[in-house]
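Notes to accompany the following structure.
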Amino acid sequence: MEQPQKIDWSQQEFTEARPGILGATVHTPQLTATLYRYGAGSSWEEHQHPQDQITHVLEGEIDFVVAGQPVHMRAGETATLPGGTPHSATVPAGGGALTLNVFTHREAPPSVG
């Protein structure tokens, strides 16, 4: 990316990242941003990566486990995770969630699907 861009998420391609979780990613030389749509009861297994991560919950509620500690988040709340922090996510069975995740420099965008 050499010029500023306006991103319309509704025009991005969403692919299944995990069962019940769809993601669309935009990538620049310094940042990666992924919008995730979590279905009711969906989950992301514990993982970690070297990049710092910021997760903002746009809609719904989501339960994270961050470095072994439970963290319940609602729409409007943001979490910051230093690189290397183990974390997982589960959406309650009664609803879905929409999150925007921003990561520091990656050589290439993550494999969403």
Seminar exercise, completed: For the range 50-62, pairs from a residue that is on the phi > 0 side of the Ramachandran plot to a residue that is in a strand (DSSP E or B), with Cβ under 6 Å and 6 or more apart or across chains, are G60/A97
For this session: Can you run down the residue pairs with Cβ atoms below 9 Å, 6 or more apart or on separate chains, where the first is in the range 18-31 and under 14 Å from E2 (Cα atoms) and the partner is of a type in the set (V, I, T)?
Result: V26/I7; V26/T32; V26/T34; Q30/T104; L31/V102; L31/T104
For this session: Give the range 29-40 a look and list any residue that's over 15 Å from T55 (Cα atoms) and surrounded by 14 or more Cβ atoms within 10 Å (Cβ to Cβ), or say none.
Result: G39
Seminar exercise, completed: Conditions (1) assigned to a strand (DSSP E or B); (2) under 25 Å from Q11 (Cβ atoms) -> P29 fails only (1)
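Bear in mind that the values in this text are calculations on the coordinates, not laboratory data. What you are looking at is a predicted structure, and each value in this text was computed from that prediction instead of being measured. Virtual Cβ from ideal backbone geometry, glycine too; neighbours counted across all protein chains shown.
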